[in-house]
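Contents: one structure, followed by commentary.
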Amino acid sequence: MEIIAPLYTHLDKDDKPCGVLVNRGWAPWDLHNLGNDKIADFTKVEGVLYQGDPKTRDSKKNTPILQELFSTHPEEIALLTNLPNEKEASLFMLKSLDFDEANRTHMPDVQSPTELTKFVIPPERHEAYEKLWNSMVYFGVVANTVMWLYL
């Protein structure tokens, strides 16, 4: 589960807090309330601006009204935050990055700049996929053979 939080940056002309959405990283579902009770007057966030997850035909649709979010799309998440600057907050969000390699944040899991720029699947992952698909094919062949022998 991605942790998305508003980062209040300024007050508008009506003294209402305005801000941007920040993707703080990934955390397991059972820790989704971790740190909700902490309110800080000062927070330092380093990251990159992005327009959210890509929308593909295979993506599960978000339902902001029911608060069911499966992908990070700032235009949909901005509806839930009720920020006065909803129009600006819906254009992009800040993806938090962990620039200190020696002292990494454990929860939520925040990417480092090197992890963000890795667009390749490591050979170990390819090997694991190959073993999985090969074992599934062999199991299918054996299951079909046994089924045809006993029919």
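The values are calculated or read from the model by the stated rules, or taken from the named source; none is laboratory data. Please read these numbers as outputs of a predicted model, since none were measured by experiment. When we count neighbours, we look across all protein chains shown, and the Cβ atoms used for this are built from the backbone with ideal geometry, even at glycine.
A single member of P74, P64, P84 is surrounded by 10 or more Cβ atoms within 10 Å (Cβ to Cβ) and in contact with a Phe, Trp or Tyr (Cβ under 8 Å, 6 or more places away or on another chain), and it is P74. Looking at this structure, is K87 in a loop (DSSP other than H, G, I, E, B) and without any contact (Cβ under 8 Å) to a residue 40 or more places away in the chain? For K87, the condition - in a loop (DSSP other than H, G, I, E, B) and without any contact (Cβ under 8 Å) to a residue 40 or more places away in the chain - is not met. Out of L132, L151, I need the residue that is out of contact with any helix residue (DSSP H, G or I) (no Cβ under 7 Å at 6 or more places or on another chain), over 23 Å from H10 (Cα atoms), at pLDDT below 85 and not assigned by TED's automatic domain parsing to the domain that holds D30. Which one? Answer to the check: L151.
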